[in-house]
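Have a look at the structure below before the remarks.
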Amino acid sequence: MITIDALPYEFRFEPESTAIVSIDMQRDFIEPGGFGATLGNDIRHVAAIVPKVAALLAWGRALGLTIVHTREAHLPDLSDCPPAKRLRGNPKIRIGDPGPMGRLLVRGEPGNQIVPQVAPLPGELVVDKPGKGAFYATALGAMLEAHGIKRLIVCGVTTEVCVQTTLREANDRGYECLLVEDAAASYFPQFHAQTLEMLRSQGGIVCWTAPLSTLLPVTLEMEVRS
Ligand code: TIU
């Protein structure tokens, strides 16, 4: 068992039953001209976490954790995109419309690819999800069960939308989750901070949180000793 100095108290995990879930680190949210930017958002805050997510993934790979990447992605015929989602708000271009990186939030398009610095390695799990939560209408639950996963270490974008929704879905399914504070981001820094606070409130009602700096010193040798 490995112990992380987290909030609201220590988070303990075993590498063989723990997965990193890297949420929606795709060009559509992180680069100019993607879905996030078309909603009117400033992408700088989310782009800034790419090196932290890369460091977290490298750490997880060294410890032998299961690595899962998600993408918010719709089928080309948009049959998995509820009209309510497509029509919401007043964006310049909508889900499925052509943009500078191909059709917005559509599987296989250039904008739907995970940015190269944090892209999946061969053998890692990739989940295309039509919703904000990664469990909704996906095989994620079955995949985690097949790998014997009990705990999730979560990162990605955006903190108060897909990351939070996924954490709440996971919590209700019995997973113990740690959100890596500075390997997640929102377009709105105040929403990021408030989301961390609410998720770990009430004794960790949804999850634990910890900065990357508390995880990186942990090595496999520490598990052998503990
Ligand atoms: N708009 C926003 O903040 N997020 C999303 O639409 N998707 C994810 O969070 N991935």
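The values are calculated or read from the model by the stated rules, or taken from the named source; none is laboratory data. Everything numeric in this text was worked out from a predicted model, so none of it was measured. Methodologically, a virtual Cβ is constructed for each residue, glycine included, from the backbone with ideal geometry; neighbour enumeration extends over all protein chains shown. Ligands, DNA and RNA are excluded from the accessible area calculation, which covers all protein heavy atoms including side chains. Shrake-Rupley method; radii C 1.70, N 1.55, O 1.52, S 1.80 Å.
One table, with the values for the structure above:
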{"item": "Amide H within-cut-off set for Ile2, under 5 Å, with H built and near neighbours excluded", "result": "Phe13, Glu14"}
{"item": "Where the chain is the region considered: accessible area per residue in Å², 1.4 Å probe", "result": "44 Å²"}
{"item": "Residues with amide H under 5 Å from that of Gly156, placed H, sequence gap 5 or more", "result": "Ile23, Ala184, Ala185"}
{"item": "Computed Kirkwood radius, in angstrom, where 1/r is averaged over Cα pairs of region 92-187", "result": "14.8 Å"}
{"item": "Other-chain or far-sequence residues with amide H under 5 Å of Ala73's (modelled H)", "result": "Lys129"}
{"item": "Within the chain: Cβ-based charge dipole about Cα centre, in debye rounded to nearest 20 (Lys, Arg +1; Asp, Glu -1)", "result": "500 debye"}
{"item": "Accessible surface of region 63-196, 1.4 Å probe, proportion on carbon and sulfur as whole %", "result": "56 percent"}
{"item": "Under 24 Å, Cα to Cα: Lys pairs in the chain, sequence gap 8 or more or different chains", "result": "9"}
{"item": "Under the span-like rule (Cα at least 18 Å along the axis, Kyte-Doolittle mean at least -1.0), DSSP H helices of the chain", "result": "50-63, 189-204"}
{"item": "Counting DSSP beta bridges with both ends in region 1-74, the antiparallel % (nearest 5)", "result": "40 percent"}
{"item": "Shape metrics for the chain, restricted to C-alpha atoms - Rg then Dmax, Å", "result": "16.9, 56"}
{"item": "The chain: antiparallel DSSP beta bridges as a percent of all, rounded to 5", "result": "20 percent"}
